[in-house]
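Visitor: Handing you this structure, nothing more for now.
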Amino acid sequence: MEKNRILLENENLQEELIEVQEKKSNKYLFLIGGGIFLLILFIFLAGLYYYNSKKIPNIFDFKKQLPDISSELKEKYYYPKEITPALEKGISYYREGFLNKAEKYFQSLIDSTTNEKEKVVAYTYLGIIALDLEKYPLAKHYFTQALKFDESYLPAIVNLAITEYRLGNLDEAYELSKKAKKIAPEDALVAILTGNIIMNIKGAKEAEEEFRKGVESEPNEPVARYNLAISLIRQGKTQEAILELQHFLELFPNHALTANVLGLLGQIYYSVDQYEKALSYYKRAAGLAPDNAKIYYNIGVIYLKLKDETNAKEYFKKAMSLGATDPEVFEKLSYAFEEFNDMESAIRTMERSMQYNPDHISTLFRLAELYERSNNLLQAAEIYRKIVNRTPGTEDTINALLNLGRIYNKMERYADSVNALKKALELSPNPKIDVFYELGKAYYYGGRKDKAIETWKLALNQPYITPEEKNKFHIILAKTYQNLGSYDLAVQELKKVNIDEKNASTVYMELGNLYKNIKDYNTAVSYFIKVFDSIDSSVEQKKEAAVQIADSYLLTKEINNLEIAKSWINKAIRLSPNDPKILVVKGKILLESSSQRDIENVIETLLPLTYEDHPPSIQKDVYLTLGIAYYKNKEYQRALQAFQMVLQIDPLNETAIRYKNTIIDKMGK
């Protein structure tokens, strides 16, 4: 029924809006107290749009597996088996981890030996050293040099295929693996290599065949068995994978991959909600790999599933103490602490990550996000500036500039916001619609409403704008025109909105504001009540609707409506007890009462807000309402101080000037 009612009212929208247009009167322009609330709703929609487009990941919403600790395929270099006395020293250096010494020795040997086989082995080891150092082009060069002396040398062919694989040259890697298979069809290492490449080219089923060949030819080859289990998991053959992994544990209880195998079993049992079993495997994994932060993190998540918050926190903190070299772990931990509403620990986690990973862009973005959520806007802005300075005009730069502009808007530094957002526009051939949105806000609140309208209209002309985004901009423009008193243009924009369940509350809120601006309070209230009663309205929308209803009844100036206004403002307070905007409206309602107790209640309610840090627009309303309460309570000196605070923020505020002059006259007499 709700859906049908919304659609039906959409059909009659044009007639209703025309009626509003006929009722408008220029003498009401800019005098409507509801203008303040239009701006509040405007800001709320901005936040709503942004956070909907960039939702916080829910770390506990794992459908299939925990955060990965082990499900990557493993490789195994093919080491030369030929060892001559001349090669022994270099090989010894390599095995002991002295890579620089090994490299120099092999290069010297190549220059001095006449034995071609020694040259082949030396070049192969130089390629392996380059692989260890992730110098893939250099590794490719050395393996190619080895093959010039012996084009059928298996270690060079296999390792060159691994190099091409790591460089992303899958076709070249596959051709080399086929060549290796012709030379050694029963070799387990060749099967591992071929399976890894095929996994990326053809898929897990074909890769499984290769890994099985490797296991059959060499049953005690752990990497072949491990990769076989991975291929089974990726095909969804869970029971076969479990058997293979358990067989691995029987054969290799203390292998370097054993902790990974235990983690995979933990993942599998977690995915089918067998949390106790998953926990037992992860704890065994932690015993074998006590320095693996991801294992401790996953144990913490499982404890949360078991509703054991104490142990969950303990393991998250253990993970944090171990995660120094892994920014991914720190990031996941920050979400975990945020889920506990422990923002201090979430921030401390990312600050520690930044100490170890100062140039990790994802870390910087996450830390800035946390600072912003903690209302530490200065530090958030500083981090976004760092990202801009450390990125060379990439997508990260654009996102950082967008976020920086949004932060500056919150800080009411509108000129800085314009500069940041204009840079974002210059860097992108197809700017994000969000950039237009925030730039329009910066212009609007910076007093350049014509530029705001121009910017938002420019967004509507972008060929890639979505229907939902179009609706959003039509609503924004309608709000702007309303605030300027151009109700006919507001009507035109609202007529372009496609009303559905998602935006009905927003459109009805706008209609309520339109009627409120022309002082048709009864009709305005009817629309605000639709918003408040709708199951599709957010808590913020319900709260704003309740405030607007209370304010509408207050503006009628009818004494009988004061109790109704009080009832609605109390509903808003129940939704958000400490919202200063709501408390100001409550104060205004109480000021209309003749009760001395109500006036004192206004002072008790609003005085604490003067010790808090609020945006200037809110501070102005707080001091103005408080000043009137002091005046009515005959506390003229305090009233005068309050009105002077208002005039520091808004020197032309007529109400404050009038009360100030009245108080000065009274005090003079």
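The values are calculated or read from the model by the stated rules, or taken from the named source; none is laboratory data. Remember, it's a predicted structure, so these values are computed and weren't measured experimentally. As a convention, Cβ positions derive from the backbone with ideal geometry for all residues, glycine included, and neighbour counts pool all protein chains shown.
Visitor: Show the residue pairs meeting these rules: Cβ distance below 8 Å; 6+ apart or different chains; first residue within segment 405-422 and of a type in the set (V, I, T); second residue outside any helix (DSSP H, G or I) and surrounded by fewer than 19 Cβ atoms within 10 Å (Cβ to Cβ).
Guide: V418/G446
Visitor: Something else now. If we keep just the residues of segment 278-296 that are within 22 Å of S334 (Cβ to Cβ) and charged (D, E, K, R), which is modelled with the highest pLDDT? Show your work before the answer.
Guide: Taking segment 278-296 first, the residues within 22 Å of S334 (Cβ to Cβ) are 282, 286, 291-296.
Now restrict to residues that are charged (D, E, K, R): 291, 294.
On the way: D291: 88, K294: 85.
This residue is D291.
Visitor: Name the residues in segment 111-137 that are within 49 Å of the chain's Cα centre (by Cα), surrounded by 16 or more Cβ atoms within 10 Å (Cβ to Cβ) and more than 20 Å from K178 (Cα to Cα), would you?
Guide: Y123, Y125, L126, G127, I128, I129, A130, L131, Y136
Visitor: Taking only segment 144-156 into account, find how many residues are touching a Phe, Trp or Tyr at 6+ places or on another chain (Cβ under 8 Å) and either of a type in the set (V, I, T) or more than 9 Å from Y123 (Cβ to Cβ) (or both). Walk me through it before giving the result.
Guide: Restricting attention to segment 144-156, the residues satisfying the condition of being touching a Phe, Trp or Tyr at 6+ places or on another chain (Cβ under 8 Å) are 145-147, 149, 154-156.
After this cut, where a residue has to be either of a type in the set (V, I, T) or more than 9 Å from Y123 (Cβ to Cβ) (or both) as well, the list is 154-155.
Qualifying residue count for the region: 2.
Residues checked against (1) of a type in the set (F, W, Y); (2) free of Cβ contacts under 8 Å to residues at least 24 places away in the same chain:
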| residue | (1), (2) |
| --- | --- |
| E116 | no, no |
| V120 | no, no |
| I129 | no, no |
| D132 | no, no |
| Y136 | yes, no |
| H141 | no, yes |
| T144 | no, yes |
| S152 | no, no |
| I157 | no, no |
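Visitor: Suppose we filter segment 297-332 for residues that are modelled with pLDDT of 90 or more and farther than 17 Å from D273 by Cα; how many remain?
Guide: Qualifying residue count, segment 297-332: 1.
Visitor: Another question about this same structure. S567 - would you say it is out of contact with any strand residue (DSSP E or B) (no Cβ under 9 Å at 6 or more places or on another chain), assigned to a helix (DSSP H, G or I) and of a type in the set (G, A, S)? Steps first, answer last, please.
Guide: Working: out of contact with any strand residue (DSSP E or B) (no Cβ under 9 Å at 6 or more places or on another chain): yes; assigned to a helix (DSSP H, G or I): yes; of a type in the set (G, A, S): yes.
So S567 passes the test.
Visitor: Can you tell me which of L160, L176, L189 is touching a Phe, Trp or Tyr at 6+ places or on another chain (Cβ under 7 Å) and modelled with pLDDT of 90 or more?
Guide: From the options L160, L176, L189, the qualifying one is L160.
Visitor: Pick out the one residue from I573, I529, I535 that is within 41 Å of the chain's Cα centre (by Cα), at negative phi, surrounded by fewer than 16 Cβ atoms within 10 Å (Cβ to Cβ) and not assigned by TED's automatic domain parsing to the domain that holds Y623. Show your work before the answer.
Guide: Values: I573 fails: surrounded by fewer than 16 Cβ atoms within 10 Å (Cβ to Cβ); I529 fails: surrounded by fewer than 16 Cβ atoms within 10 Å (Cβ to Cβ).
The conditions single out I535.
Visitor: With respect to A478, determine if the residue is under 17 Å from G440 (Cα atoms) and at pLDDT 85 or above.
Guide: yes
Visitor: Out of all the residues in segment 511-520, which are surrounded by fewer than 22 Cβ atoms within 10 Å (Cβ to Cβ) and either at positive phi or modelled with pLDDT of 85 or more (or both)?
Guide: K519, D520
Visitor: Could you grab me the full set of residues in segment 254-285 that are among the hydrophobic types (A, V, I, L, M, F, W, C) and either surrounded by fewer than 19 Cβ atoms within 10 Å (Cβ to Cβ) or in contact (Cβ under 8 Å) with a residue 24 or more places away in the chain (or both)? Don't jump to the end; show me each part of the working.
Guide: If we filter segment 254-285 for residues that are among the hydrophobic types (A, V, I, L, M, F, W, C), which is where we start, we get 256-257, 259, 261-262, 264-265, 268, 272, 278-279, 285.
Result: A256, L257, A259, V261, L262, L264, I268, V272, A278, L279, A285.
Visitor: Would you please name the residue that is nearest to H614 (Cα to Cα), looking only at residues in segment 398-430 that are among the hydroxyl-bearing types (S, T, Y), touching an Asp or Glu at 6+ places or on another chain (Cβ under 9 Å) and in a helix (DSSP H, G or I)? Don't jump to the end; show me each part of the working.
Guide: Just the residues of segment 398-430 that are among the hydroxyl-bearing types (S, T, Y), to begin with: 408, 414, 417, 428.
Those still in the list that are touching an Asp or Glu at 6+ places or on another chain (Cβ under 9 Å) too: 408, 417, 428.
With in a helix (DSSP H, G or I) added as a condition, the list becomes 408, 417.
Values: Y408: 15, S417: 19 Å.
Here the answer is Y408.
Visitor: Hey, another quick one. Restricting to segment 435-456, name every residue that is in a helix (DSSP H, G or I), within 19 Å of K423 (Cα to Cα) and among the basic types (K, R).
Guide: K441, K451
Visitor: I'm told E116 meets every condition in (1) of a type in the set (D, E); (2) in contact with a Phe, Trp or Tyr (Cβ under 8 Å, 6 or more places away or on another chain); (3) within 30 Å of G236 (Cβ to Cβ) except one. Can you identify the failing condition by its number?
Guide: With (1) of a type in the set (D, E); (2) in contact with a Phe, Trp or Tyr (Cβ under 8 Å, 6 or more places away or on another chain); (3) within 30 Å of G236 (Cβ to Cβ) applied to E116, the lone miss is (3).
Visitor: A524 passes all but one of (1) surrounded by fewer than 22 Cβ atoms within 10 Å (Cβ to Cβ); (2) touching a Ser or Thr at 6+ places or on another chain (Cβ under 8 Å); which number fails?
Guide: Checking A524 against (1) surrounded by fewer than 22 Cβ atoms within 10 Å (Cβ to Cβ); (2) touching a Ser or Thr at 6+ places or on another chain (Cβ under 8 Å), the one that fails is (1).
Visitor: Considering each residue of segment 604-631, count those that are crowded, with 17+ Cβ neighbours inside 10 Å and farther than 25 Å from Q548 by Cβ, and give that number.
Guide: 2
Visitor: Pick out, from segment 266-323, the helices (runs of 4 or more DSSP H) lying fully within it that include 3 or more residues that are under 25 Å from the mean Cα position of the chain (by Cα) and of a type in the set (G, A, S).
Guide: Working: elements: 275-288, 293-305, 309-322.
Counting at least 3 such residues, we get 309-322.
Visitor: For segment 453-469, check the following and say yes or no: at least one residue is modelled with pLDDT of 95 or more, closer than 24 Å to L370 by Cβ and aliphatic (A, V, I, L, M).
Guide: no
Visitor: Here's another thing I want to ask about it. Looking at segment 331-374, which of the residues that are under 16 Å from the mean Cα position of the chain (by Cα) and part of a loop (DSSP other than H, G, I, E, B) is farthest from Y297 (Cα to Cα)?
Guide: The residue in question is S374.
Visitor: Pick from segment 199-239 the residues that are basic (K, R) and more than 37 Å from the chain's Cα centre (by Cα): which of them is farthest from A173 (Cα to Cα)?
Guide: Let us first name the residues in segment 199-239 that are basic (K, R), namely 202, 205, 212-213, 225, 234, 237.
Imposing the further condition that a residue be more than 37 Å from the chain's Cα centre (by Cα) reduces the set to 212-213, 225.
Working: R212: 20, K213: 19, R225: 22 Å.
Ranking the qualifying residues of segment 199-239, first place goes to R225.
Visitor: Separate question: Of the conditions (1) more than 21 Å from K205 (Cα to Cα); (2) modelled with pLDDT under 90, Y275 clears all except one; give me its number.
Guide: (2)
Visitor: Filter segment 651-669 down to residues that are of a type in the set (A, V, I, L, M) and under 48 Å from the mean Cα position of the chain (by Cα), then give me how many there are.
Guide: The number of residues fulfilling the criteria is 3.
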